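**Q** The structure follows.
Derivation of every value follows stated rules applied to the coordinates shown; laboratory data play no part. None of these values were measured; they are calculated from a predicted model. Counting neighbours? That spans all protein chains shown, and the Cβs are built from the backbone with ideal geometry, glycine included.
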Amino acid sequence: MAKDGKDTSAAVLQYLVMQNRPFSLNDLLLNAQLKECGKTAVQKSLDQLVVAGKVKEKSYGKQNVYVIDQDLVSSPNDPDLAQMDSKIAELTRQIAEDQAVIKQAESELKTLNSTLTIEELSAQLETLQAENEKMESKLKDLSQMKVKLSASDFKKMKATKEKTASELRKRKRICVDMLDQILESYPKGKKALLEEVGIEPD
């Protein structure tokens with residue numbers, strides 16, 4: 001159902017405020033709600049908002065581009081920025097701690113030799129599996145935290161997360177290599193070894 005002029009203007013203004021970026025008329029009509037209003041009504045609303053000083057209009061050749069007046073867009077106040085900085089610092093600290101745990105585990109694994117007993121191997125694998133689960137849970141919590149980051153901070157944290165996942169996969173391969181070494185002198189098959197040490201294959 002088509003909206004009246006006042007509803008259309010309100011819808012256009014709300015959309016421009018929420019998106020806070022330039023739009024051409026055709027770009028605005030890609031929004032399903034505004035498309036229902038009709039091209040003529042949306043154009044008329046834009047003209048009215050420009051006259052009212054709520055929307056800025058710039059012409060590029062034959063195309064006009066519209067953007068919300070920045071005085072109508074709220075910006076984070078000092079407490080908000082301080083809270084964001086605090087959350088970023090906390091995320092950075094948690095990632096650094098996780099990386100330290102991975103490096104320590106990697107170092108410990110390198111010192112292990114091929115003379116481990118089945119009982120020792122089982123204990124080591126249980127510890128590694130618990131650490132892996134803890135790391136995956138932390139990474140999930142970090143990815144779900146809604147923190148406004150700059151593009152560079154987001155890229156840096158994404159790279160750190162990918163590096164952490166890569167380290168976890170490397171640790172799993174080391175565990176598999178350790179099992180293969182045990183199997184060389186183990187009288188039964190791999191399935192029997194896994195059952196004996198209480199490890200469930202992926």
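**Q** Using the Cα atoms of region 5-71, I'd like the radius of gyration and the largest Cα-Cα distance, Dmax, both in angstrom.
**A** 10.6, 30
**Q** For the residue pair residue 104 and residue 180, what label-to-label distance in nm results when each label sits 7 Å from Cα along the Cα-to-beta-carbon direction?
**A** 2.9
**Q** Then there's this: Could you check the spin-label model distance between residue 36 and residue 70? Points 7 Å from the Cα along Cα→Cβ, value in nm.
**A** For residue 36 paired with residue 70, the spin-label model returns 3.4 nm.
**Q** Taking K and R as +1 and D and E as -1, what net charge do the other residues with C-beta under 12 Å from the C-beta of residue 17 add up to?
**A** Values: positive: 21, 54; negative: 69, 71.
Neighbourhood net charge equals 0.
**Q** Tell me which residues come under 5 Å, amide H to amide H, from residue 24 once H is placed; ignore anything under 5 positions away on its chain.
**A** The answer is 66.
**Q** Related question: Sequence-distant or interchain residues sharing an amide H contact under 5 Å with residue 55, placed H: which?
**A** Answer set, sorted by chain and number: 50, 69.
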